[in-house]
1. Mind telling me which of the residues A:T378, A:T301, A:T341, A:T323 ends up being out of contact with any Phe, Trp or Tyr (no Cβ under 8 Å at 6 or more places or on another chain), more than 7 Å from chain B (Cβ to nearest Cβ), of a type in the set (V, I, T) and without any contact (Cβ under 8 Å) to a residue 60 or more places away in the chain?
2. Exactly one condition in (1) crowded, with 24+ Cβ neighbours inside 10 Å; (2) over 30 Å from A:T323 (Cα atoms); (3) in contact with an Asp or Glu (Cβ under 7 Å, 6 or more places away or on another chain) is not met by B:H403; state its number.
3. Of all strands (runs of 3 or more DSSP E) completely enclosed by region B:304-373, which ones contain at least 2 residues that are closer than 21 Å to B:G282 by Cβ?
4. In region B:429-456, which residue that is among the hydroxyl-bearing types (S, T, Y) and at pLDDT 85 or above is nearest to the chain's Cα centre (by Cα)?
5. Could you say which residue among A:I350, A:I357, A:I395 is more than 7 Å from every other protein chain (Cβ to nearest Cβ), among the hydrophobic types (A, V, I, L, M, F, W, C) and under 29 Å from A:S312 (Cα atoms)?
6. Which one of B:K299, B:K277, B:K289 is touching a Ser or Thr at 6+ places or on another chain (Cβ under 9 Å) and under 15 Å from B:R357 (Cα atoms)?
7. Just checking, which of B:I363, B:I358 is closer than 21 Å to B:R290 by Cα and either at pLDDT 95 or above or out of contact with any Asp or Glu (no Cβ under 7 Å at 6 or more places or on another chain) (or both)?
8. Within region A:34-73, work out how many residues are within 30 Å of A:L129 (Cβ to Cβ), part of a helix (DSSP H, G or I) and free of Cβ contacts under 8 Å to residues at least 12 places away in the same chain.
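The values are calculated or read from the model by the stated rules, or taken from the named source; none is laboratory data. This is a predicted model, so every value here is computed, not measured. Cβ atoms come from the backbone with ideal geometry, glycine included; neighbour counts cover every protein chain shown.
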Amino acid sequence: MSVTVTDNNTTSELAALLDKQRVATASDAALRKDATDAFRAVGLPAAKAEEYRFTPVTRILEKQFTLSQPTPAGQVSRVKDFTIAGLEADTLVFINGVFSPADSSIQDTTALTILPLQEALATHTALVLKHLGQYADTAADAFTAWNTAAWTNGLFVHVPDNKVVERPIILYHLHDASEGQVITATRNLIVVGKNAEVTILEKYDSTGASPSFSNQVTEAVVAENAGLNLYSIQHDAGQRYQVGTIRIQQANYSRVNTFTFTLNGKLVRNNLQLVLDGEGIESHMYGLYLLTGDTLADNHTVVDHRKPNSFSNELYKGVMDGTSRGVFNGKIYVRPQAQKTNAFQANRNILLSPTAIVNTKPQLEIWADDVKCSHGCTSGQLDEEAVFYLRSRGIDKLSAQAMMLYAFTGEVLTNVKNPVVKEYLDNLISQRLHKNF
Amino acid sequence: MSKDNQVLEELTSKEYEHGWTTDIETDSAPKGLNEDIIRFISAKKNEPAWLLEWRMKAYQQWTKMKEPTWANVKFPEINYQDVIYYSAPKQKVTPKNLEDVDPELIKTFEKLGISLTEQKRLTGIAVDAVIDSVSVATTFKETLGELGIIFCSFSEAVQKHPDLVKKYMGSVVPVNDNYFSALNSAVFTDGSFCYIPKGVRCPMELSTYFRINAANTGQFERTLIVADEGSYVSYLEGCTAPQRDENQLHAAVVEIYAMKDATVKYSTVQNWYPGNKEGKGGIYNFVTKRGLCYGDSSKISWTQVETGSAITWKYPSCILRGDNSMGEFYSVAVTNNYQQADTGTKMIHIGKNTKSRIVSKGISAGHSQNSYRGQVHIMKRAEGARNFSQCDSLLMGDQCGAHTFPYIDVENNTARIEHEATTSKIGEDQIFYCLQRGIDEESAVALIVNGYAKEVLNQLPMEFAVEAQKLLALTLEGSVG
């Protein structure tokens, strides 16, 4: 589980860069300094590090990027091309990691706080510093440390107690690499008060031919009896590499639903960590990855049951075509006090081409006895008999395949609650299935 | 709850049955490991030069390797210089037949329930008995010899069948495969060798019984089974050790080589001394077991019942090279008190239409930690490969842990892989169901545990199944936390 320390130059080069960039007067300078030290100690994952066994992020950073090169401002004139039409929401747009007020619209500011994180750090300093960097573990992962030391901006949401927010909050992360390589580090902090509820959606898109790398971290604290729905739609074109970490801290009787849709990109690594630090918690994690070309999607999830009587359920499904690779690692920890835990996990994969690969590692670590835990994972191809059945009824082969794959993905999609988002995803997926598979 | 705990206490506190020692004079090497010791062992065994060279190479490689740390077990660092690498019971003459064998040794094995006198045996099992570093007797050699089956101690095979040994030794588990296999290759002292010729179905179970007796010694044996085309053999392995306060090291290597249409079934009931209730003493069991399904349609089946050892580090694996070959792994691993087990299997699918099946049942009680670690790897060429894995864990008591680390790597789209794992304790409703039908709590638990492990126990040859069931009962009955 420990990430092997590399003695490569990239780590020290980047650490030196982080030291140089740090603004000594910033109110979170101490946090950033500690994170830089942690980054130096952990080091970028070595080639055979267990946690990055199939995901050669370090090598890519070394080969494809010049770390000291500044990121261009980015010009995305057609922001509308990437937005979800018809969705009533508060919107924040980040272009190459920089907040773009002109493209953003925040209406609901009376009952709750929605701000770019930099602004929040200036205006709500105490509240931000109370939570920032307190959950995502800089000592365990180099990318989390890097982000904590170098983040430029992101979302800050504070939902006060008893406030149920109807309008979702959407973040569009656009990467424009048409004027050279892009490296971004965005950071989100979500604080949900008691009995409150909020839905947040992040969407990733990109343009430009140069490589772009993003390292984003989201920390969320969900108080007693509160609810959080967190969506992530990763739909990047081109030479797009990203490592993302979401860390959610849950208190008693809170409810969390996370959705991760990976539809495109060169390399996508998602770390999703749920800490169930309370009783009566309910958590659902859904994931869907539809991969073509040489995309690599790596989902590492952790559910940490720390108190009794909680429930967690995880469903990740994937379809791999071309020379793509799907990696899944799902850890379930049940700590000694977490009696009466119910934890379930399933990972199902379909390989469409002879050159696609799946590497999956479901992992249960259980120290309490009165629990019900299970995991299951499968890998296979489409049932030939079913395809034959459809074809014998006059449906051509590709449509038959698309139909079956659509049904396969439906199990994840059906859990999406917002109708506009659901329809948008439904269209996106069925277009993909008909076009690419 | 308190009553349950009492039942648990009573039943899990049963003493280790084979903890006694035999007072035999031994001939042993001084403590420590260096080239001289290896030369000493080689000279003791009167080995040909090529084997000594092989050992030396292995030693050289071992000195460059590092002890693996990835397993989910914790133990103080082993001082490899504090182990006696060779210890043999002193015998006045080299025994030509059973009458010459030291009666004290025969008695030792009789006490363990292993009779070395053929006439007295009712069951048709041929035994190779190994105490500390050497094999003392092999039974039914002649009966087997008539069929062309070679079954003897490893040392004897080196003398009598050097070609076979030279050809197959290290072909399945290379010297530098891992830290412990390299160590074993350098200092192995004895073990069993078995060759089944073409088309022969071995008429009886072949068995090796390992006993560690002397203090401070390590046991490093090597077993090599070669099954020629179309042959069949069922092989059993049993082991026990006396109760001692210090930890003893056991690092064995088992290699199975199956040619076209051959079937090998390998069963183990591992009952090394697990240490006392406080976790003091016990055997460190670091074993490399691997089978190669070299020929088409060959089959290797591993069955293991792991109840002993302070620490178990063992992954009996199958390399499915031949087309249509098949690998199986059935395991019941029981840990109690402070035992730690990290065990599982590897199924490497290389050939077309290869099949594998994994059934692993872990039971943890007391303060023990029980891990399943396995890999199913479907290589690019393995068209139509099929795997089914099931690993279940049963927890008894709130101080123990159960862990599963399955790795599933698929590189061929026609492969079908299923994996499932569950962790739970014995349900109160199940117990209640039995109680209301007049079955007392203790028997109910025994019933449920036995049912839980049945799928694996069914794979064992009958004599072993009985022993295994007894062992299970001894370690666990009544453990509802």
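1. Details: A:T378 fails: more than 7 Å from chain B (Cβ to nearest Cβ); A:T301 fails: out of contact with any Phe, Trp or Tyr (no Cβ under 8 Å at 6 or more places or on another chain); A:T341 fails: out of contact with any Phe, Trp or Tyr (no Cβ under 8 Å at 6 or more places or on another chain).
Going through A:T378, A:T301, A:T341, A:T323 in turn, just one is out of contact with any Phe, Trp or Tyr (no Cβ under 8 Å at 6 or more places or on another chain), more than 7 Å from chain B (Cβ to nearest Cβ), of a type in the set (V, I, T) and without any contact (Cβ under 8 Å) to a residue 60 or more places away in the chain: A:T323.
2. The number of the failed condition is (1).
3. The strands (runs of 3 or more DSSP E) meeting that bar are B:311-314, B:326-335, B:340-343, B:355-365.
4. Step one: of region B:429-456, the residues among the hydroxyl-bearing types (S, T, Y) are B:433, B:443, B:452.
Narrowing further to those that are at pLDDT 85 or above: B:433, B:452.
Details: B:Y433: 37, B:Y452: 21 Å.
The residue in question is B:Y452.
5. Details: A:I357 fails: more than 7 Å from every other protein chain (Cβ to nearest Cβ); A:I395 fails: under 29 Å from A:S312 (Cα atoms).
That would be A:I350, the only listed residue that is more than 7 Å from every other protein chain (Cβ to nearest Cβ), among the hydrophobic types (A, V, I, L, M, F, W, C) and under 29 Å from A:S312 (Cα atoms).
6. B:K299
7. Result of the check over B:I363, B:I358: B:I358.
8. Count: 1.
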